[in-house]
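S.K.: A single structure is presented below for examination.
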Amino acid sequence: MKYFTIDLIKRYNNFDDDDIQRKSESEWDAIARKYWEEFEKYKDAFPKSFLKEYLKHGFHDYELKSIDISIEKTRKNSSKEKAVVCISLYGGNKRKRAHRIKFRNVTHIISDLKFDNSFYLGYNLLYFELHKTDSEYRAEILFENGSELSLNFNKILSKVLLK
């Protein structure tokens, strides 16, 4: 994570030390402004259906329901293939929304997802950052148990499955 690091989150949520919490709160506000200013520069590259939900709260506290990694042909009669990653999320207002986010033309995946007891206690997304690289985009997702998922892609699609 470039902005919302696990270290910052721990300090921000430290209610035992008012001084640490107060300092991290102002740091948090500055980092949030910086991230959203950066995102504003390239947000038009993403579909409106995705932005409608992402701009509300970045899928904060949504639960991960599934991750699917597959290979698809780039065109119907083509022999070229590209990786695709689909994630399904559940949450939102009153926990009644389901979304499927499809990352197309994925070139790189890094993950340290931990499938231990913390996974089954609700694998919540804490933060979901999107960044522009030289030739593509990067999604960085931080989960409640400290696990991270990062992937580089060229196109994103989003669909609301349950309203």
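S.K.: Among Leu113, Phe39, Ser26, whose Cα sits farthest toward the positive end of the charge dipole of the chain (+1 at Cβ of Lys/Arg, -1 at Cβ of Asp/Glu, about the Cα centre)?
M.R.: So the residue we want is Phe39.
S.K.: Could you list Ser70, Ser147 in order of exposure, starting from the residue whose Cβ has the fewest other Cβ atoms within 10 Å?
M.R.: Details: Ser70 12, Ser147 20.
Ranked by crowding around the Cβ, least crowded first: Ser70, Ser147.
S.K.: Longer than 24 Å from Cα to Cα, which of Lys43/Lys102; Lys82/Lys132; Lys34/Lys82; Lys80/Lys155; Lys2/Lys23 are they? Say none if no pair is.
M.R.: Details: Lys43/Lys102 17 Å; Lys82/Lys132 20 Å; Lys34/Lys82 33 Å; Lys80/Lys155 17 Å; Lys2/Lys23 19 Å.
Those over the limit are Lys34/Lys82.
S.K.: Then there's this: Dipole size in debye (nearest 20) for the stretch 1-41 around its Cα centre, Lys and Arg Cβ +1, Asp and Glu Cβ -1? Before the final figure, lay out the partial values.
M.R.: Details: 8 positive and 11 negative charges, 44 e Å.
For this selection, approximately 200 debye.
S.K.: Next question. Along the charge dipole of the chain, which of Ile141, Val85, Leu161 sits closest to the positive end, that is, farthest toward it, with unit charges on the beta carbon of Lys, Arg, Asp and Glu (+1, +1, -1, -1)?
M.R.: Toward the positive end, the furthest listed residue is Leu161.
S.K.: Further question: May I ask for the angle, rounded to the nearest 10°, between helix 48-57 and the longest principal axis of the chain, with both axes built from Cα atoms and the value confined to 0 to 90°?
M.R.: Orientation of helix 48-57: about 10 degrees from the principal axis.
S.K.: Taking the chain as the reference, fit the longest principal axis to its C-alpha atoms, fit the long axis of helix 18-40 to the helix C-alpha atoms, and give the angle between the two in degrees, 0 to 90, nearest 10.
M.R.: Once rounded, the angle reads 30 degrees.
S.K.: Let me ask you something else. Provide the gained length on full extension for the span Ile110 to Asp17, in nm with one decimal, where the gain is 0.36 nm per separating residue minus the Cα-Cα distance.
M.R.: Details: separation 93, 0.36 × 93 = 33.48 nm, distance 3.39 nm.
This chain segment gains 30.1 nm when fully extended.
Any read-out appearing in this document is the output of simple, stated calculations on the displayed coordinates, not a laboratory observation. Remember, it's a predicted structure, so these values are computed and weren't measured experimentally. No Cβ is skipped: glycine too gets one built from the backbone with ideal geometry, and neighbour counts run over all protein chains shown.
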